[in-house]
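This report refers to the structure that appears directly beneath it.
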Amino acid sequence: MTNVPEIDSGREPTHGDNANEAVVPRAGIGIGAIAHEIGLTKDTLRVWERRYGFPRPMRSPGGERLYPQEQVTKLRLVKRLLDAGHRPSKVLVQSIEMLQQLAQDSGVGQDAPDVELDRLVRMLRDGAYDDFRFELLKRATRGGLERFVLDIAAPLSARVGNAWAAGTLQVYHEHLFSEAMQVTLRTLLRPLSDALRGRGGRPRMLLTTLTGESHGLGILMAEAIFSLCECECMGLGTQTPLHDIVDAVNAHKLDIVALSFTASMPAQAVTSGLAELRNLLPAEVGIWVGGSSPVLRRKLPEGVEHVPGLTPIDEAVAAWRQAATQVAML
Ligand code: B12
């Protein structure tokens, strides 16, 4: 959610116009910025334009595509519907009102009513950051790490993302949210990690994201749950190059690499990154992936396991331990 620079296109597409003519100022956003923001490739945007007549960008005096804000809003909605399983041919031809209806009918981006979570989002929106930070810490210490992760951190992240997509929170709100959430999670996690160190808790996990995935809250939440399952965890933050992952695994004799992917990382980058990492790691080292990227629900490279959420972590760890015991008995 970076601030996308607005470029004043000056007018509708008009190659060869006289630049001195009076112009109607119209704001537009370039194709690279749009593709990055929405999580699509530039090629996809061009193909849709040709095939479905949407989006319909204006042109800069130099002929570059410029997308007006209404089209960006519609594209954002289109992307969320596609992530939820709708097809491009069905959604791209609809009006924004129809798409909003479709999103509502299929529950896409809709937050279930929750007074407490709504209150936290309001604090962020109203600039009550000290209150927000205090509330997070209070809830975390009152309910404990697991309840905090499952009942507050995870659903609040989705809510904040939806509020940004709906335009009711700004990017800087999201940064403040991430900062406060990370501090709270780490504060609770630290004593647990310290106590687990040296106890030989297995599987020994490395947790990170691949280059291109800058969202780090999902993997931090996963680290909290793995730690509660008494796994020894090595969190490397976000965007670790593949060779560094491999070096860390070999140096520390780690059992599993756990990775997180949101929908903002292009599908191709997810699958190629995973295939390459699989090739580089010894066969006995597991790769577990989680997060909201729709790619994870499709076919993954052989030897990569999808853990579909935070609650299934318990089960995945138990299954790994059982398999490890059987191997040890052979
Ligand atoms: C905070 C945030 C940011 C912060 C990130 C700061 C940080 N240090 O992490 C900032 C402001 C920097 C940011 C930037 C962007 N963001 Co952002 N961001 C979010 C937000 C609110 C939370 C991010 C997050 O960490 N999510 C990850 C976790 C919490 O959610 P999850 O993927 O659903 O995973 C869950 C489980 O599956 C599990 N899990 C996750 N990982 C793993 C791993 C394992 C092994 C296991 C077992 C489980 C597990 O835990 C989660 C809890 O339920 C989300 C909203 C959302 N719904 O996630 C948007 C969101 C991910 N961002 C989005 C976008 C578009 C962006 C930008 C591209 C926007 C832009 N204009 O530039 C940039 C990306 C920049 C880049 N270079 O990649 C979109 C992506 C949608 C899409 N289809 O592309 C989202 C979904 C918002 C939205 N509703 O549209 N963002």
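The values are calculated or read from the model by the stated rules, or taken from the named source; none is laboratory data. For clarity, every value in this text was computed on a predicted model and none was experimentally measured. Please note: Cβ atoms are built from the backbone with ideal geometry, for glycine as well, and neighbour counts cover all protein chains shown. Just so you know, the surface numbers come from the protein's heavy atoms only, side chains and all, with ligands and any DNA or RNA stripped out. Shrake-Rupley method; radii C 1.70, N 1.55, O 1.52, S 1.80 Å.
The figures follow:
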quantity	calculated
Number of the exception - G63 against (1) touching a His at 6+ places or on another chain (Cβ under 7 Å); (2) in a helix (DSSP H, G or I)	(2)
Considering residues of the range 213-270 that are more than 14 Å from the ligand (Cβ to nearest atom) and acidic (D, E) only, the residue farthest from E284 (Cα to Cα)	E230
Test result for G309, within 15 Å of the ligand (Cβ to nearest atom), in contact (Cβ under 8 Å) with a residue 12 or more places away in the chain, in the same structural domain as G212 (by TED's automatic domain parsing) and at positive phi	yes
Residues of the range 312-322 satisfying the condition of being near the ligand (Cβ under 9 Å from one of its atoms) and β-branched (V, I, T)	I313
Entirely in the range 92-147, the helices (runs of 4 or more DSSP H) that have 1 or more residues that are under 30 Å from W48 (Cβ atoms)	96-105
Scope the range 41-56; condition touching a Pro at 6+ places or on another chain (Cβ under 8 Å) and not charged (D, E, K, R); matching residues	T41, L45, W48, Y52
Subset of the range 58-94 (residues that are open to solvent by 50 Å² or more (accessible area, probe 1.4 Å) and over 24 Å from R159 (Cα atoms))	R59, P61, G62, E64, R65, R87, S89, K90, V93, Q94
Conditions (1) out of contact with any strand residue (DSSP E or B) (no Cβ under 9 Å at 6 or more places or on another chain); (2) of a type in the set (S, T, Y); (3) more than 16 Å from the ligand (Cβ to nearest atom); (4) at pLDDT below 50: number failed by T2	(3)
Enumeration of residues in the range 222-235 that are under 19 Å from F261 (Cα atoms) and touching a residue at least 60 places away in the same chain (Cβ under 8 Å)	A222, A224, I225, F226
Residue match in the range 296-304 (condition: outside any loop (DSSP other than H, G, I, E, B), among the aliphatic types (A, V, I, L, M) and touching a Phe, Trp or Tyr at 6+ places or on another chain (Cβ under 9 Å))	yes
Residue tally, condition touching a residue at least 40 places away in the same chain (Cβ under 8 Å) and more than 12 Å from R204 (Cβ to Cβ), over the range 236-267	8
Residues being more than 6 Å from the ligand (Cβ to nearest atom) and either part of a helix (DSSP H, G or I) or at pLDDT 85 or above (or both) - total across the range 154-169	5
First in the range 99-112 and closer than 10 Å to R80 by Cβ, second anywhere and in a loop (DSSP other than H, G, I, E, B) and open to solvent by 40 Å² or more (accessible area, probe 1.4 Å), Cβ under 6 Å, 6 or more apart	V108/A84
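So that you can scan it fast, the table gives a plain yes or no per residue for (1) closer than 23 Å to L150 by Cβ; (2) modelled with pLDDT under 90; (3) open to solvent by less than 40 Å² (accessible area, probe 1.4 Å):
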residue	(1), (2), (3)
L254	no, no, yes
V270	no, no, yes
N279	no, no, no
L296	yes, no, yes
G303	no, no, no
